[in-house]
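The values are calculated or read from the model by the stated rules, or taken from the named source; none is laboratory data. Just so you know, these numbers come straight off a predicted model, no measurement behind them. Ideal geometry is used to build each Cβ from the backbone, glycine not excepted, and the neighbour counts take in all protein chains shown. All accessible areas refer to the heavy atoms of the entire protein, side chains included, with ligands and DNA or RNA removed. Shrake-Rupley method; radii C 1.70, N 1.55, O 1.52, S 1.80 Å.
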Amino acid sequence: MNADNMNADKNTSPNKTMPFEKYKQFKPIALPDRTWPDQVITQAPRWCTVDLRDGNQALIEPMTPDEKFKMWNLLLELGFKEIEVGFPAASQTDFDFVRMIIEKDLIPDDVTIQILCQAREDLITRSCESVVGAKHVIFHLYNSTSTLQRKVVFKMDREEIIKLATDATVIVKKHTDQLVAQGTAITLEYSPESYTATEMDFAVEICAAVMDVWQPTIDNKVILNLPATVEMSTPNIYADQLEWFIRHLPQRDKAVISLHTHNDRGTGVAASELGLMAGADRIEGTLFGNGERTGNCDLITMAMNMFSQGVDPKLYLSDMPKIVAVSEECTKIPIHVRQPYAGELVFTAFSGSHQDAIKKGMDFVGDKGAEWEVPYLPIDPADVGGSYRETVRVNSQSGKGGVAFILENYYGVSLPRPLLVEFSPIVQRASEADGGELKPDAIWKTFVSEFIEVEGPYKLIDYKVRSGSNELETCKASIKVGENEMVVEGQGSGPIDAFIAAMVETLNEPLNVVDYQEYALNEGSEAQAICILALTDEEQNKYYGVGISPNTTTAAFNSIVAAINRKWRD
Ligand code: KIV
Ligand code: ZN
């Protein structure tokens with residue numbers, strides 16, 4: 001935009017509106033004596049993953065049999081005990097997959113497979129064929145009950161819809177009785193699809209009617225799954241709908257209340273959480289919330305939210321990088337860098353003040369013991385396969401803390417504060433010039449060229465140090481000055497003093513060592529010493545130099561030469 005255009009736009013901010021009148025507000029139900037807001041989640045629900053059905057159904061490229069199997073194995077590894085494996089009556093791939101895991105005996109005894117089926121006799125028959133020989137099966141029957149779908153899709157009244165559901169339940173009972181006789185334990189799950197868009201009294205009526213046909217017992221409960229097929233309201237309204245439903249359902253003790261939220265308003269996890277507070281027992285969802293449109297409830301986020309509150313999530317999510325990799329491979333959908341608990345950047349701080357607070361928090365936790373209290377980090381990244389090192393990354397927004405953190409944690413180099421103050425703006429300039437993040441190796445290279453392999457005329461070639469009878473040491477060193485090689489000699493109370501004396505004579509200028517530290521960089525036969533040293537000249541200008549060598553004296557001499565080259569350069 002040129003300056004003229006800018007002036008033309010001055011004081012003319014856009015004054016447009018969206019066609020919001022087209023939409024109507026979702027009507028909440030009246031539940032003034034609601035009790036769910038006072039509840040706290042203290043235990044994990046029964047989890048059911050629908051990755052292999054709702055998740056798979058929503059992919060641009062549905063999973064191949066190999067990918068389905070890979071995902072199945074991952075779900076088992078994560079500890080899921082109820083897994084919806086497909087919609088076998090609607091998909092030959094799903095049918096074959098169900099047969100394969102049954103015939104190859106790949107379903108652990110404590111795992112129940114779930115199959116989805118619409119309320120139609122031909123589909124129910126086919127679905128039952130798919131699970132012959134399985135030990136435990138949840139038969140998931142559904143039909144839409146919403147006011148809108150009854151009106152515009154099915155053109156049926158309430159009674160007709162109830163008849164459709166109960167007739168289908170009779171058929172499921174008839175077919176599954178044969179499976180039960182052959183040794184399969186069957187649980188019925190009934191979903192009034194689009195529950196949230198159904199009148200609450202009707203939702204209760206149809207579920208109760210299905211229960212009357214199925215005849216659940218306290219030991220063999222029916223699962224009533226109450227889906228937010230399309231998320232239509234704030235999650236508190238869903239919680240009200242659930243509390244109302246649970247209060248009014250006859251024979252509540254013979255039903256497991258299950259939730260199946262979608263994420264159209266971005267609150268699928270919140271709705272499931274508030275739903276648990278409202279009395280639900282079971283949660284359906286998918287890894288990272290994959291599923292139709294905006295997806296389903298994200299089970300990883302929900303389980304990790306519990307974990308971060310000190311509640312055992314009853315899922316094993318310690319290898320998040322693997323969960324991400326398998327999920328991305330099978331769904332071909334990348335996990336966002338900001339995906340809670342799993343994205344590449346979710347434990348990373350670029351800002352200097354955040355980096356500083358994290359470092360202080362980590363030191364505090366380290367001193368204090370096990371309880372996690374670190375600013376900006378809701379959980380310890382190590383608990384999900386991350387590392388403390390990854391929490392700090394450096395760009396132009398970062399400060400001294402970030403630079404110090406990288407040098408310490410990646411290279412074992414701890415800088416004295418004045419050197420850090422000198423080096424940090426150099427890193428900032430480099431990152432501004434680069435326009436992005438400076439990776440640890442780039443920061444290290446900058447440090448090396450600035451303080452270790454400093455460009456300049458002086459280079460140490462060789463040296464010898466001798467102890468004399470007068471308690472002084474003599475250093476004789478060959479150094480390169482520009483293109484010439486020369487020998488310098490000096491005496492001092494130790495090798496460093498002696499070398500400084502030799503260089504002072506050559507440069508014909510007094511130099512004083514004002515800061516000095518030397519320590520091992522690593523252990524064992526590969527051990528290297530690092531010497532960080534500062535010299536001042538006649539005018540009290542201070543120059544840091546750093547030397548690294550397996551030999552401590554060589555490291556020290558190199559640091560002196562580096563400091564002198566920096567003086568020369570300035
Ligand atoms: O979202 C939904 O309503 C469903 C049903 C089939 C349970 O996926
Ligand atoms: Zn769904």
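When you filter the GluC sites (Glu not before Pro) in segment 484-570 for DSSP loop state and at most 16 other Cβ atoms inside 10 Å of their Cβ, you are left with E523, E538, E539. Rounded to the nearest 500, the 222 nm mean residue ellipticity of the chain from helices alone is -12000 deg cm²/dmol, with -39,500 (n - 2.57) taken per DSSP H run of at least 4 residues. When the square roots of the Cα gyration tensor eigenvalues are ordered a ≥ b ≥ c, the ratio a/c for the chain is 1.5 or more and a/b exceeds b/c, which makes its shape prolate.
Using Cα centres only, tell me the gap between segment 106-150 and segment 532-570 in whole Å. Answer, in whole Å: 76.
Counting protein heavy atoms only, segment 444-517 has 43 percent of its accessible area on carbon and sulfur, 1.4 angstrom probe.
Ligands, DNA and RNA excluded, the heavy atoms of F20 present near 130 Å² of accessible surface to a 1.4 Å solvent probe.
Return the carbon/sulfur percentage of the accessible area of segment 376-434, one whole number, probe 1.4 Å, all protein chains in place.
45 percent
Our estimate of slack between D109 and I333, defined as 0.36 nm per intervening residue step minus the Cα-Cα distance, is 77.5 nm. Relative to the Cα centre, the charge distribution of segment 38-331, modelled as +1 at Lys and Arg Cβ and -1 at Asp and Glu Cβ, gives a dipole magnitude of about 360 debye. Taking each residue as 0.36 nm, the span from Q491 to A30 lengthens on full extension beyond its C-alpha to C-alpha distance by 156.7 nm. Report the residues of segment 500-522 in range of a label on E539: point 7 Å along Cα→C-beta, backbone N strictly under 18 Å from it. Within reach of a label on E539, which here means backbone N under 18 Å from a point 7 Å along Cα→Cβ, segment 500-522 contributes 507-512. Computed extension length for Q251-D434: 59.2 nm, one decimal, from 0.36 nm per residue of separation with the Cα-Cα distance subtracted. Take every pair of alpha-carbon atoms less than 8 Å apart whose residues are at least six positions apart; their mean separation over the length of segment 395-486 yields a relative contact order of 21 percent. How many nm is it between the label spots at K174 and T125, if each spot is 7 Å from the Cα in line with the beta carbon? Going from the K174 label point to the T125 one covers 1.0 nm.
Under a 5 Å amide H cut-off, with hydrogens placed 1.01 Å from N, G399 pairs with G352 among residues at least 5 apart or on other chains. Carbon-plus-sulfur accessible fraction, segment 38-331 (probe radius 1.4 Å, protein heavy atoms only): 53%.
Put simply, when 92-98, 371-377 are sorted by average Cβ atoms within 10 angstrom per residue, most first, you get 92-98, 371-377. The residues of segment 30-155 present an accessible area of 46 Å² per residue when probed at 1.4 Å with all protein chains retained. Ligands, DNA and RNA aside, T506 has an accessible area near 50 Å² when probed at 1.4 Å. Between the Cα long axis of helix 495-507 and the first principal axis of the chain there is an angle of about 60°, rounded to the nearest 10.
Under the criterion of Cα pairs below 8 Å and six or more residues apart, the relative contact order for the chain equals 9 percent. In this simple spin-label model, placing a label point 7 Å from the Cα along the Cα-to-Cβ direction at both Q528 and D281 gives a separation of 6.2 nm. Under the rule a/c < 1.5 gives rounded, and otherwise a/b versus b/c splits prolate from oblate, where does segment 458-569 land using the Cα gyration tensor? Since a/c stays below 1.5, the shape of segment 458-569 is classed as rounded. For the chain, the longest principal axis of the alpha carbon atoms and the long axis of helix 121-130 meet at an angle near 50°. Think of a 1.4 Å ball rolled over the protein heavy atoms: segment 458-569 then has 53 Å² of accessible area per residue.
Dipole check for segment 352-452: with +1 at the C-beta of Lys and Arg, -1 at the C-beta of Asp and Glu, and the Cα centre as origin, the magnitude is about 260 Debye.
For segment 352-452, the solvent-accessible area with a 1.4 angstrom probe is 48 square angstrom per residue. Principal-axis analysis of the Cα atoms of the chain puts helix 235-248 at an angle of about 40° to the longest axis.
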